[in-house]
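Below you'll find the structure, written out as structure tokens, and then a few comments.
Quick note: the coordinates plus some simple rules give every number you see, no bench work behind them. All values derive from a computational prediction rather than experimental measurement. Virtual Cβ from ideal backbone geometry, glycine too; neighbours counted across all protein chains shown.
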Amino acid sequence: MTATDTTDTDSTDTDTGPTAAGADTIAHFRFFALEVLRTRRLGHSFLRVTFGGESLADFRSGGYDQSLSLFLPPPHREHTVLPSTDEHTWFGAWRAMPEAERPAMRSYTVREQRRTPEGGDEVDIDFVLHGDTGPASAWAGRAVTGRRVLAIGPAVAENKSVRFAPPADTDLVLMYADETALPAAAAILDRLPSGTRVKAWFEVPHEDDRLRLDTLADADVTWVVRGAGVGRERIERLSEVVRASEPPACAAPYAWIAGESGTIRAVRRHLVRERGVDRRRVRFTGYWRLGASEEELLAEAYSGRAPSEDPSAEL
Ligand SMILES: Cc1cc2nc3c(=O)[nH]c(=O)nc-3n(C[C@H](O)[C@H](O)[C@H](O)COP(=O)(O)OP(=O)(O)OC[C@H]3O[C@@H](n4cnc5c(N)ncnc54)[C@H](O)[C@@H]3O)c2cc1C
């Protein structure tokens, strides 16, 4: 997983999620074999894919914005096959696959994990369908019951791929999410206790992407239906919406913002520089970048790293 993700710097630090290095993460993530049980259209841009599989008995979502890495097969393959899922060798073996055969690794959010009355385990992932321009979106658009994929996901609920972590004194949660981060935002809202004050801006492409949100929190949500617009123009228009609205008075806000990198940087800058939010209390994550695939972001992320930091050491 590649996500520009940080809480205290203006540069675009990189978080490599479940595949990130560190001895403490060794037992935290592992491979899971997932099988599509069913799909359901949630809105113009969203498809919910519900996965099952025996290995999910050991899956431990930490909730909130818990993410995982999916490995999605190329279009001519029905299922994902990797030469190795061994913790020491999978990365090298995956990278060595011919490009046309190599499953695409992509980051997604665990929208929900549940145990069914029959004792099975299910995980929902809400995919944004943005056409055949990316392997994950293309795969989701063709997903049917019985298709098998692999994932690196959490084996313990307390893991570094849950990023939402408001300090105890937080008296207002500020949220900004585009459609790719709406599943995470919705899962966060699901869990927030009654009385938590939230001001949220959710950016979606179409009117009927304004998904139903369930929360006990005292949440004031502004939907921004984006329509057309690319690059700078889009970024400026969106951050303008945030700039124009007045969040409730507060002493200790915590901000969680995620979505397209350029927009997220602009919103974050606004919150820190113009609204005076303490930069250490802003969790901002670039979920994707206009014009760049996740491979390109991953390559960028690892280009400056020592060999010992490659993801093969990360399961
Ligand atoms: C922690 C984390 C959690 C995430 N959770 C989710 C989630 O729950 N649901 C979800 O849908 N996405 C989620 N994403 C975002 C998702 O990983 C990216 O959108 C990813 O690029 C999609 O892969 P792809 O193969 O479809 O496109 P890529 O091959 O990565 O990109 C191909 C092209 O499509 C563009 N592109 C990528 N995503 C979009 C988009 N949404 N709309 C328009 N153009 C796009 C890229 O800029 C590029 O030009 C998450 C990302 C992170 C880091």
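With both labels modelled 7 Å from their Cα along Cα-to-Cβ, the Ser245 to Arg115 distance reads 3.8 nm. Annotation: extensible slack from Ala93 through Glu296 equals 71.2 nm (criterion: 0.36 nm per residue apart, minus Cα-Cα distance).
The charge dipole of the range 22-165, taken about its Cα centre with unit charges on the Cβ of Lys, Arg, Asp and Glu (plus for the first two, minus for the last two), comes to roughly 400 debye.
Quick check on the chain: helices-only [θ] at 222 nm, where DSSP H runs of length 4 and up contribute -39,500 (n - 2.57) each and the sum goes over total residues. Nearest 500, please.
It lands at -5000 deg cm²/dmol.
Per 0.36 nm of contour for each residue apart, how much would the distance between Asp208 and Ser84 grow if the chain were fully extended, relative to their Cα-Cα spacing? Walk me through the numbers before you get to the answer.
On the way: separation 124, 0.36 × 124 = 44.64 nm, distance 4.13 nm.
Stretched fully, the Asp208-Ser84 segment lengthens by 40.5 nm.
Charge tally around Thr39: other residues with Cβ under 12 Å, Lys/Arg +1 each, Asp/Glu -1 each, net +4. First select every other residue whose beta carbon is under 14 angstrom from the beta carbon of Ser293; then total the charges, Lys and Arg +1, Asp and Glu -1. Within the 14 Å Cβ shell, the charges total -4. 3J(HN,Hα) along the range 275-286, derived from phi through the Karplus expression 6.51 cos²θ - 1.76 cosθ + 1.60 where θ = phi - 60°, amounts to 9, x, 6, 4, 4, 6, 10, 10, 9, 10, 9, x Hz, with x in place of Gly and Pro. Amide H contacts of Glu112 (H built 1.01 Å from N, in plane; Pro and chain starts excluded): Asp124 sit under 5 Å, all sequence-distant by 5 or more or on other chains.
Considering only Ala157, Ala165, Ala100, the mean-square fluctuation computed in a Gaussian network model of the chain, springs between alpha carbons under 10 angstrom, is largest for Ala100.
Under 5 Å between amide hydrogens, built in the peptide plane, is the criterion, and for Val282 it picks out Ala255 among residues at least 5 positions away or on other chains. Remark: the range 200-207, residue by residue, has Karplus-estimated 3J(HN,Hα) of 10, 10, 10, 9, 9, x, 10, 3 Hz, where x stands for each Gly or Pro and the curve is 6.51 cos²θ - 1.76 cosθ + 1.60 at θ = phi - 60°.
Indicate, rounded to the nearest 5 percent, the antiparallel portion of the DSSP beta bridges found entirely in the chain.
Looking only at bridges with both residues in the chain, the antiparallel portion is about 60 percent.
The amide H of Trp201, built 1.01 Å from its N in the peptide plane, has Met175, Tyr176, Ala177, Thr222 as neighbours under 5 Å, considering only residues 5 or more places off or on other chains.
Most fluctuating residue of Pro253, Pro75, Pro98 in a GNM of the chain with Cα springs under 10 Å: which is it? In this elastic network of the chain, the residue with the biggest mean-square fluctuation among Pro253, Pro75, Pro98 is Pro98.
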